[in-house]
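Take a look at the structure set out below.
The values are calculated or read from the model by the stated rules, or taken from the named source; none is laboratory data. Just so it is clear, the structure is predicted and the values come from calculations on it, not from any experiment. No Cβ is skipped: glycine too gets one built from the backbone with ideal geometry, and neighbour counts run over all protein chains shown. Areas reflect the complete protein model, heavy atoms only, side chains present, ligands, DNA and RNA absent. Shrake-Rupley method; radii C 1.70, N 1.55, O 1.52, S 1.80 Å.
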Amino acid sequence: MLPLARFLLLRLLLVPITLLVVTATLMVLLTAVPPEVRAFLYLPARVRNNVGEMSMDELRQAADPYIQSHHLDDPFPVQYAYWVVSVFTHGGGYSPP
């Protein structure tokens, strides 16, 4: 096998491993934030604009459906698996409304 072909083949084989390491690292950083804070991104604009007027309990109640539907309170491997599946099925992962 030619040295250049071997080099290119090796690099192509390393791409999935690199993507796994980079996305897992970013996901670890994101999961360090509490689920309630991450759920805030999914709340409708009318709720996000009135956060100053809401009590903490009201905010938690508004965020709870989003925490459940986006698996934000699940363990890291489960969240990562759901995110990877959503990248391929929803074209880029989660996006706020």
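Suppose R0 equals 30 Å. What FRET efficiency, 1/(1 + (r/R0)^6) with r the Cβ-Cβ distance, do THR18 and SER55 give to the nearest 0.05?
Working: r = 45 Å, r/R0 = 1.50.
Computed FRET efficiency for THR18 and SER55 comes out at 0.10.
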Study note, to complete from the structure: In a Gaussian network model of the chain with springs linking alpha carbons closer than 10 Å, the residue among PRO16, PRO77, PRO65 that fluctuates most is PRO16
Revision key, fill the gap. The ³J(HN,Hα) series, computed from each phi in segment 7-21 with the Karplus coefficients 6.51, -1.76 and 1.60 at θ = phi - 60°, rounded to the nearest Hz and given as x for glycine or proline, is 4, 5, 4, 4, 5, 5, 6, 7, 4, x, 5, 4, 4, 4, 5
Check your understanding: Beyond 15 Å, what share of the Cα-Cα pairs of segment 9-97 remains, rounded to the nearest whole percent?
Key -> 65 percent
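Using the Cα centre of segment 11-97 as the reference point, and only Cβ charges (+1 on K/R, -1 on D/E), how large is the resulting charge dipole? Debye, rounded to the nearest 20. The partial results should precede the final answer.
Numbers: 5 positive and 7 negative charges, 88 e Å.
So the magnitude is around 420 debye.
Note down the relative contact order for the chain as a percent, whole number, built from C-alpha pairs under 8 angstrom at least six residues apart. Could you put the intermediate results ahead of the total?
Values: 46 pairs, mean separation 26.4, N = 97.
This gives 27 percent for the chain.
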Check your understanding: Looking only at LEU72, LEU14, LEU30, which one moves most when the chain is put into a Gaussian network model with springs between Cα atoms under 10 Å?
Key -> LEU14
Review point. Ignoring any ligand, DNA or RNA, what whole percent of the accessible area of the chain comes from carbon and sulfur when the probe is 1.4 angstrom?
Key: 70 percent
Study note, to complete from the structure: Given the candidates LEU43, LEU72, LEU30, the one whose Cα lies deepest towards the positive end of the charge dipole of the chain, counting +1 at each Lys or Arg C-beta and -1 at each Asp or Glu C-beta, is LEU30
